[in-house]
Amino acid sequence: DQTRRAFEELVEAETRARPVLVTLDDLQWGDQASVKYVDHLLMALHDRPLLVIGAARPEIDTEFPGIFGERDVEIVRLAELPKRAAEALVRSALGPGASDASVARIVERGAGNALYLEELARAVAEGKGDDLPDTVLAMVEARLGSLEGDARLVLRAASVFGRSFWRGGVKALVGSLDVD
């Protein structure tokens, strides 16, 4: 409580002198105490010139359901990068000598995710070829790990077929499980 009050007093004093911006990156990895600090801060200083911007991956909804739900929150969900922007990002990361084929392959694998695109391009630039970087593998594993057991089983069965699969084939592998 003392730490929370000290934080609140500090921000309150700063907002008396000037507007304050608090940015929180990778909020999905935040801890309960910090999120509660910020939530309480927003409540206590609702009439002060205070702006809190939090950036998070979709897992935020699982880690902190209804985060700041009682506050005046504006949620902006980012869409996939358009193909042209993805290509520009990859070319910027690879340099002017990048082949069209390499850029196209990375753009397809990155599926519009800026972080994936950057990491995939970095791996290619470092001579690691088509191997998925550990960072991308970890993010994909975390996302798959957050799914319910039946959904993971269906995805695992579908992956046996590669990029394309059909419902009947997945049903044959998972048995009586509903794959719809």
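For the reader, a short list of remarks on this structure follows.
- For the range 135-178, a/c is not less than 1.5, where a ≥ b ≥ c are the root eigenvalues of the C-alpha gyration tensor, and a/b does not top b/c. That puts it in the oblate class.
- Exposure rule at most 14 other beta-carbon atoms within 10 Å, DSSP loop trypsin sites (Lys or Arg not before Pro): the chain longest free segment: 1-70
- Shown for the chain: the carbon plus sulfur share of the solvent-accessible area, taken with all protein chains present and a 1.4 angstrom probe, equals 53%.
- 26 Å Cα-Cα reach of LYS83 towards lysines, excluding residues that sit fewer than 8 places from it in its own chain: LYS128
- Full-stretch length increase - ASP100, ARG4 - with 0.36 nm per residue and alpha-carbon distance subtracted: 29.2 nm
- P(r), alpha carbons of the chain - 10 Å bins starting at zero, rounded %: 8, 24, 25, 23, 15, 5, 0
- Crossing angle, helix 32-44 versus the chain [Cα axis fit, 0-90 degrees, rounded to tens]: 50 degrees
- FRET efficiency estimate (nearest 0.05) - Cβ-Cβ, SER92 to TRP29, R0 25 angstrom: 0.40
- Under the criterion of Cα pairs below 8 Å and six or more residues apart, the relative contact order for the range 1-52 equals 55 percent.
- Exposure ranking of MET139, MET43 by accessible area [1.4 Å probe, largest first]: MET43, MET139
- Its relative contact order, with pairs defined as Cα atoms under 8 Å and 6+ residues apart, puts the chain at 13 percent.
- Taking Cα centre as origin and charging only the Cβ of basic (Lys, Arg, +1) and acidic (Asp, Glu, -1) residues, the dipole magnitude of the chain rounds to 600 debye.
- Spatial separation of Cα centroids for the range 1-30 and the range 114-165, in angstrom: 36 Å
- Per residue, the accessible area of the chain comes to 70 Å², computed with a 1.4 Å probe over protein heavy atoms only.
The values are calculated or read from the model by the stated rules, or taken from the named source; none is laboratory data. Quantities reported herein were computed from a predicted structural model and do not represent experimental measurements. For neighbour counting, all protein chains shown are included, and Cβ atoms are generated from backbone atoms with ideal geometry for every residue, glycine included. In case anyone asks, the SASA skips ligands and DNA or RNA and just uses the protein heavy atoms, side chains included. Shrake-Rupley method; radii C 1.70, N 1.55, O 1.52, S 1.80 Å.
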